[in-house]
1. Can you tell me how many residues within the range 36-72 are among the acidic types (Asp, Glu) and within 8 Å of the chain's Cα centre (by Cα)?
2. From (1) touching a helix residue (DSSP H, G or I) at 6+ places or on another chain (Cβ under 6 Å); (2) closer than 30 Å to LYS10 by Cβ; (3) without any contact (Cβ under 8 Å) to a residue 40 or more places away in the chain, pick out the condition that doesn't hold for ALA95.
3. Being over 15 Å from GLU54 (Cα atoms) and either at pLDDT below 90 or more than 13 Å from the chain's Cα centre (by Cα) (or both) is true for just one of ALA75, ALA131. Which residue is that?
4. HIS115 passes all but one of (1) surrounded by fewer than 12 Cβ atoms within 10 Å (Cβ to Cβ); (2) at pLDDT 90 or above; which number fails?
5. With respect to the numbered conditions (1) aliphatic (A, V, I, L, M); (2) exposed (fewer than 13 other Cβ atoms within 10 Å of the Cβ); (3) farther than 29 Å from LYS10 by Cβ, which one is the sole condition not fulfilled by VAL50?
6. Hey, TRP35 hits all of (1) within 27 Å of GLU14 (Cα to Cα); (2) surrounded by fewer than 17 Cβ atoms within 10 Å (Cβ to Cβ) but one; which does it fall short on?
7. Examine the range 85-106 for a residue that is assigned to a loop (DSSP other than H, G, I, E, B) and of a type in the set (Val, Ile, Thr), and state whether such a residue exists.
Amino acid sequence: MMADTEAAEKLVKEALSSPDTDAAEVAEFVAKVPWHAPIARAVTAGTLSVDAAESIRAGLGQIDAAVTAEKLGAALESLLAEVSTLNADEVFKRARRMRNHLDEAGIAAREKQAHDDRYLKVYRLSTGTCA
């Protein structure tokens, strides 16, 4: 994640520093910067822990038909402003609430997926006990 972000940001800086920069080219480079780039910048700057960064990424989820990269980027910016003093669990809860707010129609599908991912396996040992 961080390598992709750094590579995209390097391309943007090079495009902006060129004297014969075309606005369309710069917009194309900016579009290649992933929505989660601010997470990598915050971790690199030391303002966000790695655990909190993973909590944000997992809580906000992935781009889909209902939630675009722009929506996730805007949500991420507001989330980064308020999570500097929270632990990773609280950050995950806030990120998940924000995702639910962005995609209310997808809440049922995510709940069903979480329910389907749970399981309990019980089997009988040769001694006759269950494990």
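1. We begin by selecting, within the range 36-72, every residue among the acidic types (Asp, Glu); these are 51, 54, 64, 70.
Pick out the ones that are also within 8 Å of the chain's Cα centre (by Cα) and you get 54.
Count: 1.
2. The single condition ALA95 does not satisfy is (3).
3. Values: ALA75 fails: either at pLDDT below 90 or more than 13 Å from the chain's Cα centre (by Cα) (or both).
Step by step, each of ALA75, ALA131 is checked, and only ALA131 is over 15 Å from GLU54 (Cα atoms) and either at pLDDT below 90 or more than 13 Å from the chain's Cα centre (by Cα) (or both).
4. Result: HIS115 fails condition (2) only.
5. Evaluating VAL50 over (1) aliphatic (A, V, I, L, M); (2) exposed (fewer than 13 other Cβ atoms within 10 Å of the Cβ); (3) farther than 29 Å from LYS10 by Cβ leaves (3) as the failure.
6. All conditions are met except number (2).
7. Keep residues of the range 85-106 that are assigned to a loop (DSSP other than H, G, I, E, B), which gives 85-87, 103.
Next, from what is left, pick out any that are of a type in the set (Val, Ile, Thr): 85.
Yes, the range 85-106 contains at least one residue that is assigned to a loop (DSSP other than H, G, I, E, B) and of a type in the set (Val, Ile, Thr).
The values are calculated or read from the model by the stated rules, or taken from the named source; none is laboratory data. In this text the structure is predicted, and so the values were computed from the model without any measurement. Neighbour counts are summed over all protein chains in view; Cβ atoms, including those assigned to glycine, are modelled from backbone coordinates with ideal geometry.
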